[in-house]
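Taking it in order: structure first as structure tokens, then the write-up.
The values are calculated or read from the model by the stated rules, or taken from the named source; none is laboratory data. Computed from a predicted structure; not experimentally measured. Don't worry about glycine lacking a Cβ; one is built from the backbone with ideal geometry, like all the others, and counts go over all protein chains shown.
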Amino acid sequence: MAERTGKRKPMIGLQPEGDIDWSSYRGVMVFVEQRNGQAKPVSWQLIGEATRLAAKLNVKVMALVIGWQVSELAEESIYHGADEVYVCDSKELEHYRTRPYSRVCLHVIRKYKPEIVLMGATNTGRDLAGAIATHLPTGLTADSTQLDVDEERLLLASRPAFSEKMLATILCKQFKPQMATARAGVFEQLPRDTTRTGEVIQVPPQMDPGEIATEMIEFLETKGSVNLAEAEVIVAGGRGLGGPAAFEMLKELADELGGVVGASRAVVDLGWIGHDHQVGQTGVTVRPKLYFAIGISGAVQHVVGMQNSSYIVAINKDANAPIFKIANYAIVGDLFQIIPAIIQAVRTRKLERLQLLKY
Amino acid sequence: MADERFDVIVVGAGPAGTAAAYTIAKAGLKVALIERGEFPGAKNIFGGVLYRKQLEDLIPEFWKEAPLERTIIEQRLWVLGEDNTFQVAFRDGRFQDPPNCWTGLRVKFDQWFASKAEQAGAVPIYETVVTELLRDVHRVVGVRTDRVDGDLYANIVIIADGVNSLLGKSLMVHREWNPDQVSLAVKEVISLPKQTIQDRFNLEDNEGCTIELIGQMSKMAGLGFLYTNKDTLSLGVGVMVSDLQKKRVKPYEVLDSIKRHPMISRLIQGGEVKEYSGHLIPEGGFDSIPPLAGDGWMICGDAAQMVNAVHREGTNLAVTSGRLAGETAIAAHLRGDFSFGTLDDYNTAIRASFVHKDLKKYRGVHSLLGFGDSEKLFDKLPESLNEAIYQMLLVDGVPKKDKQKMAMRLLRDAAGGNLDLLRLGIKGWRAMNG
Amino acid sequence: MLHIVVCIKQVPDSREIRIDPKTNTLIRQGVPAIVNYYDLHGLEEALRIKDEFGARVTVITMGPPSAEKALCQCVSMGADEGVLVSDRAFAGADTLATSYVLALTIQKAEDTWGPVDMIFCGKQTLDGDTGQVGPGIACRLDMDQLTYVELFESLDIEKQEVVVRRHLEDGVERVRARLPVLITALDILNRPRRASLPGVLRAARYKPIVWTTNDFSNLDRSKIGLKGSPTIVSKTWVPEPKQVNTEYVDSANVVAAATDLLNRLYATELPQKLGWS
Ligand SMILES: Cc1cc2nc3c(=O)[nH]c(=O)nc-3n(C[C@H](O)[C@H](O)[C@H](O)COP(=O)(O)OP(=O)(O)OC[C@H]3O[C@@H](n4cnc5c(N)ncnc54)[C@H](O)[C@@H]3O)c2cc1C
Ligand SMILES: Cc1cc2nc3c(=O)[nH]c(=O)nc-3n(C[C@H](O)[C@H](O)[C@H](O)COP(=O)(O)OP(=O)(O)OC[C@H]3O[C@@H](n4cnc5c(N)ncnc54)[C@H](O)[C@@H]3O)c2cc1C
Ligand SMILES: Nc1ncnc2c1ncn2[C@@H]1O[C@H](COP(=O)(O)O)[C@@H](O)[C@H]1O
């Protein structure tokens, strides 16, 4: 079908291009992911972690900002801990697209030689990191949850393996930079410090707009945005809810607690709630401060996605439900009676507080 | 509909169906082996003893490659009382070579056996449920499956779909079960370190032992078993469905009560339950064997009730019946005649084989269990037997002669009189040992 | 005719993997191998395109000989050909070495059956779980990639264009791209079909094509297998299971239970962290 004639292009990424004197690679670089000039929280979290690593290595924290009208983000990067910021600001980079973005990254990496490059393990971060690491080429560790460096300046990136049953520490000795994507919500961002200063370096785009063959037609923001990955409170329901209607109740509780609604795969498959709400191995891995598991049995595939919540409250009428094994607070009973009571109790509590404040 | 036609379609890749498909494929005929499980054996369970002879007839020295657990060198029978146990055991090194029987797990064994049939040329069609037989007036001409374009045609359909035989029912040769013709078996596979098993059961290397249990099982007609596998134990119990209904207990409750028995609990202690499953066992025996063939079809294995009521032998009857059905199919193919007239040769072959003879011999078992004797046999007698032995062995100054009398009285009372004790004894002996 | 390549991997069913409590190693024995969950969604989309427009669907996998079974499963669903790239020398590959071998394989598939218009991968594998191989292949072959696709909106053969919806954490992106393109599939993309009976019959007899290192004239041995993999697993360990001291809230009286629960929550650092007054 496709008519692509002529000689085949040589394959990309078989050899590092140019400099392979790895000792000239210094610094920890973080890619700042953004949409419409708003940075993703994971970007600041990673700059926070990069600061720790950079101190150990005695090097600078570098931030890389790509987009359109993103100069403010350069400042913000510095406030969050970066020493140097590379900014590529251009209309054709308004929306993320793999090729034009990766060309800028490659250019910056080759020119400014960071020894470590970190990106959020978001869909965009993974998309971009996968392309860049192949192109360079270098080793890339996915979805890290722990980062460190050793005396030999090696990045020790640890990540869950086999559905979180194990952790593995991964190194890349052969090439620089050492790359890793890292999970949102795991690392702490530094307090925003507007007195910090740093250097901002402008970088030109690396691709002629005419060469770019993909086009973003539109972005449809998720309504009532269930940003599970970043939520601090999640009220999740499972098949025990008996039907879609009961999610109203969960929503009420979530609203009271300033949280969002999550779900097990079983109910997503049943169509009771959208896929965006699914927590677990094939859904979103979450780390909220507080997680309610309501009418959820606690199948491993669900548990691996939420076991790192700081506090877990499980409500299930089956005293033997495996979810209780990982719960901090367990209520054995009928959710249809317990949840309304909890909602009521939360409201009463709020009211009491208000009254206390009045007097 | 698939364009392809087969000489034979076999429904069910248990021991019966696979033996048939293997036999037919080896003769070079086109045979399809249809199984509803993800793979053969995926959902199949049994207690766990596989016998050499019948399978050897099919695949010489099969044990050198088949996934078997342990070679049985010792068989025990335990009569459980409340907290006492009367035990008999027999061990003989000769059971090692040539082996007499093994423990096995169906997940592994069925898969291996079916792979032999596949290697011989049988076409595997798994994860596929046969929903009905396709008929041309009264002749069976193929099967309908639950897949898209799922009809498949053949000259002969061999039905080996197990105890519940949906297809047998559709041919009206398999009636709905009466609760007293079928027992429900539940079984747990409990994992323990290999060495622990060997220590607890006094075994070495690949030696294995079986324990048949009779007695304290929530006072119901049933037999329990505890078999040693490599690094697991199979613990199960079969109870007549009629009893379960009468006593309103759940099968797993019966299993739980066995697990709590002091003699058993120490053997399984520290083990982790790896799987729990339930399965029906046909108990009707000889008297409920249906017609075995018709125009374009034959039926074998559990689907044809070929299990002897002691639960222990089923796979071997299944393998032999499957092989005989397969051989009949080959003969029919050579003759080009697939009518009842030819396929009934299978019936004749079964009658000439041990299957028929054994089942006939055990014929009494069903009536034994059916006549309300079950409580006696499975509860009162074991209890009194244990009590009697306890009294005999207790040195407390009572003269031995009196003790003997007391013991006999205990047994007699439990059986409801001298005659009944004798009758039960004879029946029980026959039932258990043929 | 369109030529679509689907990359699939046979993975251990992660549900069944357990950790040996003594040695802290994975118990893989007896763990069934399945076709990576997401890859089946990629295959399904390729088959839908085949149903609508007509296409040759080639499924490829790099893996051990036992992966033939996975290819047969794909053939039963409707793939035209299955290629297994298998050689001891490929073993131990990380995503970089894997994408190299798969890219080579796709080039060889092009030489054999014609230029490739689309490549489908899964979002990620259940064992590797990186989602890096897809982008790696696209990069090596210098084609555009559309990752995390949740809806295949349209294919315009005249214009050589596809429109898909990409799923992101905060929304959905509609993107247009030109062929050839590599797409990685989410599970919400579609519902993989069950093979038809004729499909099962075909697969039962199907023998996948097997390519070894010797079948590639231009293969660079330093780029494959363990040697070609820059990442090194330096250690693995089993995280201490979170020691939770489960507190049971008495639920006899639900109102009391609810208050009790709140009191306990308020006694933690949660109110401070979450800004509860
Ligand atoms: C490859 C693969 C990937 C998977 N990925 C995921 C994943 O990402 N996320 C996920 O969640 N699952 C996943 N699963 C599915 C998972 O195995 C389970 O099937 C699923 O998590 C079960 O959901 P559940 O707990 O809602 O339902 P169930 O297991 O049916 O549990 C319902 C619970 O509700 C309780 N209940 C019922 N009524 C009441 C009541 N009135 N009051 C209180 N309690 C009540 C019951 O006791 C029961 O414990 C995956 C499976 C596979 C095969
Ligand atoms: C608890 C228990 C303990 C036992 N212990 C022993 C023992 O120790 N030794 C011994 O020799 N025997 C034992 N038996 C008996 C033995 O398991 C059976 O007699 C034997 O398995 C019968 O083989 P079969 O091939 O006829 O049926 P099955 O093994 O039941 O095989 C039938 C096959 O057909 C498939 N099937 C059914 N319906 C369909 C359909 N519609 N479409 C497609 N496929 C279908 C099933 O999935 C199954 O794989 C025991 C049985 C039980 C339940
Ligand atoms: N060995 C392999 N053979 C074929 N395809 C693969 C292989 N490894 C990964 N893939 C493809 O790449 C996707 C992402 O894999 P991973 O990067 O390992 O998460 C998978 O869903 C497959 O489509």
Requested in this report: Keeping to the stretch A:172-186, report how many residues are of a type outside the set (V, I, T) and in a loop (DSSP other than H, G, I, E, B).
Outcome: 8
**Report entry** Pairs, first within 14 Å of another protein chain (Cβ to nearest Cβ) and among the hydrophobic types (A, V, I, L, M, F, W, C) in the stretch B:277-302, second more than 16 Å from ligand 1 (Cβ to nearest atom) and part of a helix (DSSP H, G or I), C-beta under 9 Å, six or more apart
**Finding:** none
Query raised in the report: Only one residue in C:V172, C:V210 is more than 16 Å from ligand 1 (Cβ to nearest atom) and free of Cβ contacts under 8 Å to residues at least 24 places away in the same chain, so which one is that?
Result: C:V172
Report summary line: Result of the Cβ filter at 9 Å on the stretch C:242-256, keeping first residues that are within 14 Å of A:I339 (Cα to Cα) and partners that are of a type in the set (K, R), at least 6 apart or interchain, is C:V249/C:R264
Report summary line: Selection over the stretch C:50-71 where residues are under 20 Å from C:Y37 (Cα atoms) and more than 15 Å from ligand 3 (Cβ to nearest atom) yields a count of 0
Query - Residues of the stretch B:1-40 satisfying the condition of being in a loop (DSSP other than H, G, I, E, B) and buried (at least 24 other Cβ atoms within 10 Å of the Cβ) - result: B:G12, B:A13, B:G14, B:E35, B:P40
Query - Unmet criterion (only one of (1) out of contact with any Gly (no Cβ under 6 Å at 6 or more places or on another chain); (2) away from every other protein chain (no Cβ under 14 Å); (3) within 16 Å of ligand 2 (Cβ to nearest atom)) for B:G93 - result: (3)
Query raised in the report: Quick one: in the stretch C:72-107, which of the residues that are surrounded by fewer than 23 Cβ atoms within 10 Å (Cβ to Cβ) and charged (D, E, K, R) is nearest to ligand 3 (Cβ to nearest atom)?
Result: C:D87
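Give the stretch C:136-154 a look and list any residue that's without any contact (Cβ under 8 Å) to a residue 24 or more places away in the chain and at the interface with another protein chain (Cβ under 7 Å from one of its Cβ atoms), or say none. Talk me through it step by step, then tell me what you get.
At the first step, the residues of the stretch C:136-154 found to be without any contact (Cβ under 8 Å) to a residue 24 or more places away in the chain are C:142, C:153-154.
The one that is without any contact (Cβ under 8 Å) to a residue 24 or more places away in the chain and at the interface with another protein chain (Cβ under 7 Å from one of its Cβ atoms): C:D142.
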Report task. Could you identify the single residue in C:D80, C:D111 that is free of Cβ contacts under 8 Å to residues at least 24 places away in the same chain and either touching a helix residue (DSSP H, G or I) at 6+ places or on another chain (Cβ under 9 Å) or more than 16 Å from ligand 2 (Cβ to nearest atom) (or both)? Result -> C:D111
**Report entry** Qualifying residue in the stretch C:69-87 (condition: within 11 Å of chain A (Cβ to nearest Cβ), over 16 Å from the mean Cα position of the chain (by Cα) and within 15 Å of C:W211 (Cα to Cα))
**Finding:** no
Query raised in the report: If C:A204 passes every condition in (1) facing chain A (nearest Cβ under 7 Å); (2) in contact with a Ser or Thr (Cβ under 9 Å, 6 or more places away or on another chain); (3) among the aliphatic types (A, V, I, L, M) but one, which one does it miss?
Result: (1)
Query - Failed criterion for C:L47 (all others in (1) crowded, with 21+ Cβ neighbours inside 10 Å; (2) closer than 30 Å to A:E164 by Cα hold) - result: (2)
Query raised in the report: Which one of the conditions (1) more than 31 Å from the chain's Cα centre (by Cα); (2) free of Cβ contacts under 8 Å to residues at least 60 places away in the same chain; (3) within 11 Å of chain C (Cβ to nearest Cβ) does A:Q355 fail to meet, given that it meets all the rest?
Result: (3)
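To keep it simple, each residue is scored yes or no on (1) among the hydroxyl-bearing types (S, T, Y); (2) assigned to a loop (DSSP other than H, G, I, E, B); (3) within 14 Å of chain C (Cβ to nearest Cβ).
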position: B:P99; (1), (2), (3): no, yes, no
position: B:Q119; (1), (2), (3): no, no, yes
position: B:T128; (1), (2), (3): yes, yes, yes
position: B:L134; (1), (2), (3): no, no, yes
position: B:R147; (1), (2), (3): no, yes, yes
position: B:I156; (1), (2), (3): no, no, no
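Just to be sure, is B:I268 in contact with a Lys or Arg (Cβ under 9 Å, 6 or more places away or on another chain), away from chain C (no Cβ under 14 Å), more than 16 Å from ligand 3 (Cβ to nearest atom) and farther than 30 Å from B:V140 by Cβ?
Details: in contact with a Lys or Arg (Cβ under 9 Å, 6 or more places away or on another chain): yes; away from chain C (no Cβ under 14 Å): yes; more than 16 Å from ligand 3 (Cβ to nearest atom): yes; farther than 30 Å from B:V140 by Cβ: yes.
Yes: the conditions hold for B:I268.
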Report task. Please specify each residue of the stretch A:305-318 satisfying the condition of being more than 9 Å from chain C (Cβ to nearest Cβ) and farther than 14 Å from A:G238 by Cβ. Result -> A:S309
Query raised in the report: Among the residues of the stretch B:93-110, which ones are at pLDDT below 85 and within 30 Å of B:P262 (Cα to Cα)?
Result: B:G93, B:F95
Query raised in the report: Quick one: is A:A245 over 28 Å from A:E76 (Cβ atoms) and not β-branched (V, I, T)?
Result: yes
Query raised in the report: modelled with pLDDT under 90, surrounded by fewer than 20 Cβ atoms within 10 Å (Cβ to Cβ), among the small types (G, A, S) and more than 16 Å from ligand 2 (Cβ to nearest atom): does that describe B:G336?
Result: no
Query raised in the report: Which of (1) within 14 Å of another protein chain (Cβ to nearest Cβ); (2) surrounded by fewer than 24 Cβ atoms within 10 Å (Cβ to Cβ); (3) in contact with a strand residue (DSSP E or B) (Cβ under 9 Å, 6 or more places away or on another chain); (4) of a type in the set (A, V, I, L, M, F, W, C) does B:W63 not meet, given it meets every other one?
Result: (1)
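Please verify whether B:K108 is surrounded by fewer than 24 Cβ atoms within 10 Å (Cβ to Cβ), away from ligand 2 (no atom under 16 Å from the Cβ) and within 14 Å of chain C (Cβ to nearest Cβ), treating the condition exactly as stated. Even if it seems obvious, please write down each step before you answer.
Numbers: surrounded by fewer than 24 Cβ atoms within 10 Å (Cβ to Cβ): yes; away from ligand 2 (no atom under 16 Å from the Cβ): no; within 14 Å of chain C (Cβ to nearest Cβ): yes.
No; evaluated as a whole, the condition is false for this residue.
Can you tell me how many residues in the stretch A:325-342 are in a loop (DSSP other than H, G, I, E, B) and aliphatic (A, V, I, L, M)?
In the first step, residues of the stretch A:325-342 are kept if they are in a loop (DSSP other than H, G, I, E, B); the result is A:327-328, A:333-334.
Narrowing further to those that are aliphatic (A, V, I, L, M): A:327.
So the count comes out to 1.
Just need a number here: residues in the stretch C:168-190 that are more than 7 Å from every other protein chain (Cβ to nearest Cβ) and assigned to a strand (DSSP E or B).
So the first thing to find is which residues in the stretch C:168-190 are more than 7 Å from every other protein chain (Cβ to nearest Cβ), and the list is C:181-186, C:189-190.
Now drop any that are not assigned to a strand (DSSP E or B), which leaves C:181-185.
Qualifying residue count for the region: 5.
Residues checked against (1) surrounded by fewer than 20 Cβ atoms within 10 Å (Cβ to Cβ); (2) aromatic (F, W, Y); (3) touching a helix residue (DSSP H, G or I) at 6+ places or on another chain (Cβ under 6 Å):
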{"position": "A:L250", "(1), (2), (3)": "no, no, no"}
{"position": "A:D255", "(1), (2), (3)": "yes, no, no"}
{"position": "A:G259", "(1), (2), (3)": "no, no, no"}
{"position": "A:A263", "(1), (2), (3)": "no, no, yes"}
{"position": "A:D276", "(1), (2), (3)": "no, no, no"}
{"position": "A:V279", "(1), (2), (3)": "no, no, no"}
{"position": "A:T285", "(1), (2), (3)": "no, no, no"}
{"position": "A:I296", "(1), (2), (3)": "no, no, yes"}
Query raised in the report: Only one of (1) touching a Lys or Arg at 6+ places or on another chain (Cβ under 6 Å); (2) surrounded by 18 or more Cβ atoms within 10 Å (Cβ to Cβ); (3) not aliphatic (A, V, I, L, M) fails for B:G284. Which number is that?
Result: (1)
**Report entry** Every residue from the stretch A:282-341 that is among the aliphatic types (A, V, I, L, M), closer than 19 Å to A:M166 by Cα and near ligand 1 (Cβ under 6 Å from one of its atoms)
**Finding:** A:A299
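Tell me the residue from A:I170, A:I234 that is crowded, with 16+ Cβ neighbours inside 10 Å and within 16 Å of ligand 1 (Cβ to nearest atom), please. Even if it seems obvious, please write down each step before you answer.
Working: A:I170 fails: within 16 Å of ligand 1 (Cβ to nearest atom).
Answer to the selection: A:I234.
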